[in-house]
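The values are calculated or read from the model by the stated rules, or taken from the named source; none is laboratory data. In this text, all values refer to a predicted model and were calculated from it rather than measured experimentally. Here the Cβ positions follow ideal geometry from the backbone for every residue, glycine too, while neighbour counts run over all protein chains shown. We work out accessible area using only protein heavy atoms, side chains counted, and drop any ligands, DNA or RNA first. Shrake-Rupley method; radii C 1.70, N 1.55, O 1.52, S 1.80 Å.
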Amino acid sequence: MKQEIGALLHLYLEEIQAGEPTEVHEFLIQSAAKAINEANDRNWIPLIVKQTGAEEYQVIANNFIFAAAQEAGLNKVWCIVADDSTVVQSSSQILAQEKISKVNLAKASRDEIKVALDYLIKRPVKPLSGVKIATATERIDAAPRKYWKESLTDVTNLKCGITRGNKLNIFKEVFYTTPEPLPDVITDPQLLATFNQTELKKMAKKRGLTGYSSLKKAALIKLLSEDGMPQG
């Protein structure tokens with residue numbers, strides 16, 4: 001029987017399939033199991049499950065509670081039935097602190113960037129060390145990030161303390177991007193600076209500009225940015 005979305009049900013544990021593995025120490029699971037037993041064998045925080053069959057369910061959030069209920073030897077557990085959409089699953093896992101909410105750099109506000117960086121810098125495990133929040137926030141916010149590549153390697157060019165390798169990987173735990181297509185004619189100096197010298201010369205050639213062949217990167221950026229400016 002299809003259960004109503006949002007319904008609180010007392011389900012048999014054998015009808016429920018585990019979701020994501022619980023990566024916590026056995027001591028914490030055993031302690032939680034003891035707390036459940038001491039509370040009259042009731043999990044007062046319910047599992048969040050989705051229905052996968054007539055009498056079959058799968059945990060989508062509160063996997064730790066599921067592991068504790070198994071350890072406690074419960075026959076039945078309290079559950080809330082959610083729909084099976086990816087949005088609901090992601091939301092439930094974020095609320096259960098099983099998943100970190102991510103920030104889209106293509107659309108993020110300055111405050112969103114600052115708060116997310118502050119979290120990465122101050123968290124006790126794998127912190128983003130050696131990064132000054134004021135400098136990083138300022139440079140990331142001012143950058144043409146709506147055009148950044150999905151790899152987010154562009155952030156390493158800002159000289160804000162985030163370098164390739166471990167620091168970039170930590171940065172990507174919270175940030176991602178859905179880049180917009182590049183404009184046909186690029187005149188923004190900051191965006192031009194993300195291209196190498198060879199690519200800039202190709203742009204100049206495509207626009208029919210002259211005198212660019214011997215120019216260095218800084219001069220090429222100046223030429224290309226001024227080419228798009230209205231004439232007085």
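Quick notes on this one:
- Tally of residues being touching a residue at least 24 places away in the same chain (Cβ under 8 Å) and either aliphatic (A, V, I, L, M) or over 14 Å from I113 (Cβ atoms) (or both) across segment 162-192: 17
- Counted as qualifying within segment 85-188 are the helices (runs of 4 or more DSSP H) with 2 or more residues that are more than 30 Å from S225 (Cβ to Cβ) and small (G, A, S), namely 86-95.
- Apart from one condition, E199 fits all of (1) part of a helix (DSSP H, G or I); (2) within 28 Å of V131 (Cα to Cα); (3) not basic (K, R); the exception is (2).
- Among the residues making up segment 155-201, those that are surrounded by 11 or more Cβ atoms within 10 Å (Cβ to Cβ), over 21 Å from I140 (Cβ atoms) and charged (D, E, K, R) are E199, K201.
- Evaluation of Q70 against (1) open to solvent by less than 70 Å² (accessible area, probe 1.4 Å); (2) in contact with a Leu (Cβ under 8 Å, 6 or more places away or on another chain); (3) outside any strand (DSSP E or B) (one fails), failing number: (1)
- S101 vs. criteria of a type in the set (S, T, Y), farther than 24 Å from R164 by Cβ and at pLDDT 95 or above: no
- Single match in T52, T86 (criterion: open to solvent by 70 Å² or more (accessible area, probe 1.4 Å), touching a residue at least 12 places away in the same chain (Cβ under 8 Å), closer than 30 Å to E26 by Cα and over 13 Å from the mean Cα position of the chain (by Cα)): T52
- Residues of segment 110-148 that are loosely packed, with under 12 Cβ neighbours inside 10 Å and either among the acidic types (D, E) or within 15 Å of the chain's Cα centre (by Cα) (or both): D111 alone.
Yes or no, residue by residue, for (1) in contact with a helix residue (DSSP H, G or I) (Cβ under 6 Å, 6 or more places away or on another chain); (2) among the charged types (D, E, K, R); (3) modelled with pLDDT of 95 or more; (4) closer than 15 Å to S92 by Cβ:
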site: E4; (1), (2), (3), (4): no, yes, no, no
site: E26; (1), (2), (3), (4): no, yes, yes, no
site: A35; (1), (2), (3), (4): no, no, yes, no
site: N43; (1), (2), (3), (4): yes, no, yes, no
site: Q51; (1), (2), (3), (4): no, no, no, yes
site: I60; (1), (2), (3), (4): yes, no, yes, yes
site: F64; (1), (2), (3), (4): no, no, yes, yes
site: E71; (1), (2), (3), (4): yes, yes, yes, no
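- Segment 11-47: number of residues that are outside any loop (DSSP other than H, G, I, E, B), open to solvent by 80 Å² or more (accessible area, probe 1.4 Å) and over 10 Å from A69 (Cα atoms): 7
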